[in-house]
1. Please work out the Kirkwood hydrodynamic radius for segment 3-242, using every pair of different C-alpha atoms, and report it in angstroms with one decimal place.
2. Which order do the peptides 151-160, 224-233 take when ranked by the mean count of other beta-carbon atoms within 10 Å per residue, highest first?
3. Using alpha-carbon pairs under 8 Å, 6+ residues apart, how would you state the relative contact order of the chain in percent?
4. What lysines does LYS137 reach when the alpha-carbon gap must be under 28 Å and sequence neighbours fewer than 8 apart in one chain are set aside?
5. When a footprinting reagent is the concern and you count Cβ atoms within 10 Å, what order do VAL213, VAL7 take, fewest first?
6. Taking θ = phi - 60°, what integer Hz values does the Karplus form 6.51 cos²θ - 1.76 cosθ + 1.60 yield along segment 208-223, in sequence order, with x for Gly and Pro?
7. Restricting to DSSP loop positions (anything but H, G, I, E, B) with no more than 13 other Cβ atoms inside 10 Å of their own Cβ, which GluC sites (Glu not before Pro) remain in segment 157-243?
8. Along Cα→Cβ, 7 Å out, is where each label goes; now give me the distance between the ones at GLU64 and LEU198 in nm to one decimal.
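Throughout, read-outs are computed from the coordinates displayed, never taken from laboratory work. If you're wondering where the values come from, they're calculated on a predicted model, not measured in any experiment. Here the Cβ positions follow ideal geometry from the backbone for every residue, glycine too, while neighbour counts run over all protein chains shown.
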Amino acid sequence: MARFLLVHGSWHGAWCWDQVSKHLTSAGHMARAMDLPGHGENARNPADVTLAHYSAAIQAEIEEMGGPVILVGHSMGGVAISAASEDIAPNISKLVYVAALVPQRDDTLLDLTEKHIPAPRMLDLSMEVDGLVGSIKPDCAHDLFYSDCDREVSARATGQLGPEPLMPLLTPVRVSEENFGAIPKTYIECTKDNAIPLGAQRAMLRDARITDVISLASGHSPFLSMPQQLVDILLSLQDAEAA
């Protein structure tokens, strides 16, 4: 039995992994999706949330699950899982990035965004609460996140999007070759992604020297548009770990 911890991206919550969690559990594995602080059902005020809060929450989930986990991060979740992994590397059997931002040492999430995300996409953000929280414009969500999803699925997901804490964007990610660098990594690139374009994904994985790359003909949210295909990839990674 493998243990999977699934970490969402910006504006999302544990809800986005529902189908993936169900399929992994049905296959006999432990799968847990979590709400990062300030997201979903985690009631912390998003204006007060920091990257350290993300790291501590992920580390607490892994400790509660017991034993090494396959830690999966989507989009912004790639930064969160990278930061969290530095201090608990022995408890992580693999890091899996799904159309995710991958930091290098001392990168901030804002650094990665400004370097890799086309400027027009940044205009899709609507800032509020004194600049400490960002909200996505609802009429942009389908094109950005759910372009290959059924419109009903897209509308339901858009209705669940919440405010995004902005303080974590400004915090350098402290990682080392000895800890974070020693954890095996896989990148699942989404070739039809409008939020983090394929070229940006490939630039980041090259910078991170990730050579285990799997392509998925998906938009930014394969957990909604093709959950079974994503699960099949995750299970294949588990099988490789067990071999």
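1. Over segment 3-242, the inverse of the mean reciprocal pair distance is 17.5 Å.
2. 224-233, 151-160
3. Answer for the chain is 23 percent.
4. LYS115, LYS192
5. VAL213, VAL7
6. 3J(HN,Hα) across segment 208-223, in whole Hz: 7, 6, 8, 9, 8, 10, 10, 9, 10, 6, 9, x, 6, 10, x, 5.
7. Qualifying residues, ordered by number: GLU177, GLU178.
8. Between GLU64 and LEU198, the simple spin-label model gives 3.9 nm.
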